[in-house]
Amino acid sequence: MTNLEEIFDDARAKLEERLTQDRFLHSVSTSEIAALMADVYGVNREHALLAGLLHDWDKAYSESELIERAQQFGVEIGEDPLKLLSLLHAQTGACAVAEEYPGLPQEITQAIARHTSAATNMTPLDMLVYVADLIEPLRTASSIDRLRRLAGNIPLEELFILCYRNTMEHLILRKRYLHPNTAEIWNTYAAINPG
């Protein structure tokens, strides 16, 4: 199966079975927002639609199952995998969808892998999926209303940086674990786009 439309239809049906209803609706909503943003920012619409849909492919797994899947796929989990649990589904999900859909472009699996922790060399598709996951309309946090209004009105990289900052602030306020690369990623993009 190499036609992206066929993959989309097949993946949507599988996701509806494997995710909770709320998580499935979030995935569909992320997909729709990613596609709309792709049109505005000149990113491949089919890739955005599919990456947005697939980004939470492994979200329904338990903690022990995620650790097991990470080991199975050779995903780096560090000395304390429990600290990375909220991020692991992105990595394992990217590996799993690449296995499930061998014809899937690497750009899509990379965007899936980077939708939680980001990276220092984000592509426009990576940024778009990261942002769409945060601002899709089913999310209710008031802190993202401003980001929604900015989508399409400022450059994508600037929007990504603001979303990344929002995520860091959220994690810090809740005393949550930050990925070891968080400061490096922030410093990379803050240096490119200060202010």
Exercise. So which of Thr30, Thr92, Thr20, Thr109 ends up being buried (at least 16 other Cβ atoms within 10 Å of the Cβ), of a type in the set (Ser, Thr, Tyr) and over 30 Å from Ile154 (Cα atoms)?
Worked result: Thr92
Problem set entry | Residue ID - nearest to Glu184 (Cα to Cα), chosen from residues in region 121-145 that are in contact (Cβ under 8 Å) with a residue 12 or more places away in the chain and of a type in the set (Asp, Glu) | Asp126
Seminar exercise, completed: Only one of (1) free of Cβ contacts under 8 Å to residues at least 60 places away in the same chain; (2) among the small types (Gly, Ala, Ser); (3) within 25 Å of Ser27 (Cβ to Cβ) does not apply to Ala183, and that is (3)
For this session: Kindly state which helices (runs of 4 or more DSSP H) lie completely within region 1-63 and contain at least 1 residues that are closer than 19 Å to Ala90 by Cα, touching a Phe, Trp or Tyr at 6+ places or on another chain (Cβ under 7 Å) and at pLDDT 95 or above.
Result: 4-18, 45-54
Seminar exercise, completed: Filter region 33-73 for residues that are of a type in the set (Gly, Ala, Ser) and under 14 Å from Val129 (Cβ atoms); the one that is surrounded by the most Cβ atoms within 10 Å (Cβ to Cβ) is Ala51
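The values are calculated or read from the model by the stated rules, or taken from the named source; none is laboratory data. All figures in this text were calculated on a predicted structure; none of them were measured in a lab. For neighbour counting, all protein chains shown are included, and Cβ atoms are generated from backbone atoms with ideal geometry for every residue, glycine included.
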